[in-house]
Every structure is written in structure tokens, then in C-alpha cells.
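Derivation of every value follows stated rules applied to the coordinates shown; laboratory data play no part. Since the structure is predicted, the reported quantities are computational estimates derived from the model, not experimental observations. No Cβ is skipped: glycine too gets one built from the backbone with ideal geometry, and neighbour counts run over all protein chains shown.
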């Protein structure tokens with residue numbers, strides 16, 4: 001009876017450790033699956049943005065919101081990065097009001113090749129989004145190779161993102 005209890009405890013602890021490890025790493029590694037989302041364009045809701053069409057070269061998806069103060073702070077960095085035309089950057093307006101997101105991009109500039117809208121946050125769950133801003137770097141096969149939660153700085157761009165693209 002005592003041995004059975006110990007075996008059950010070890011098994012339970014193994015599952016807990018494996019679950020915690022999976023959450024910590026969010027499944028992002030070389031064997032992570034490619035992700036596919038389809039969302040309406042922010043500016044043309046009759047058109048659909050889908051990540052299925054992006055495979056073939058690396059790309060970035062940046063998740064932002066007009067109500068996010070950190071997003072506004074980092075926005076200048078994204079404008080600077082987009083100007084260099086090194087990689088395609090796609091924006092997802094997350095849990096935002098359409099008119100607010102459009103006005104925000106008009107006032108602050110639009111660094112994105114396309115802006116999609118995830119009004120209710122449902123597609124954000126596919127990536128494990130916990131807040132905004134969040135940045136996902138995808139390889140040419142559509143697999144996430146880097147996930148940054150929080151704002152992007154030039155140091156992060158140069159030392160982490162750009163280093164992956166070389």
C-alpha cells in the first residue's frame with residue numbers, strides 16, 4: 001500500500017513538472033508546430049489576413065493595442081525597423097475598438113505590412129498571448145522561433161531578433 005502511494009506521488013509530480021515546463025516554454029522551440037490564424041483586416045474587414053500565406057520567408061507578428069501605453073513607447077522603434085525593410089512585420093490589433101486602432105495608426109504611423117484585428121482575443125490564445133505588446137518571430141516554415149512579451153528596444157532588435165535573421 002505504501003509503495004503504491006509513493007508511485008502515485010512520483011507520477012503526479014512528474015506530470016506537474018512536465019506541465020510547468022510546457023507552460024514556461026510555451027512550446028516554442030525548433031519542434032514547435034507552425035501556427036495558422038485567420039483574422040479580418042483592420043482597414044478592410046471584407047478581406048482576411050491568414051498566416052498560411054506567409055510561409056516561405058521569416059516574418060514578425062507584433063500584437064498591440066491603441067490603449068496600451070507601452071505599445072506607444074515602442075512604436076517609434078517599429079517605425080524605424082520597418083523603414084529598414086529587413087523583414088515583413090504584420091500587426092494584430094488586440095482587444096481593441098476598430099475606430100481607436102485606426103485613429104492610433106493614423107496619428108502615430110503604420111509600420112506594418114498588414115494590420116489584422118483580433119477584437120475578442122480568440123486568435124491571440126493560439127500564440128499564448130498574455131498581454132500587449134507581444135512580438136513573435138516566425139521562421140520560413142511558420143514556426144515561432146522567438147516570443148518576446150513586453151516592449152521592443154533597439155538592443156532587443158539588434159541582439160535577439162536581428163541575430164536570428166542572419
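Quick notes on this one:
- Once the Cβ-Cβ distance of residue 141 and residue 3 is raised to the sixth power relative to R0 = 41 Å, the FRET efficiency obtained is 0.30.
- Spin-label model, residue 126 to residue 163: label points 7 Å out along the Cα-to-beta-carbon direction sit 3.0 nm apart.
- Over 28 Å [Cα-Cα, the range 32-165], rounded percent: 7 percent
- Segment residue 113-residue 99, extension gain: residue separation times 0.36 nm, minus the distance between their alpha carbons: 3.1 nm
- Each peptide in 58-68, 85-95, 105-115, 44-54 was scored by the mean count of other Cβ atoms within 10 Å over its residues; highest first, the order is 58-68, 85-95, 105-115, 44-54.
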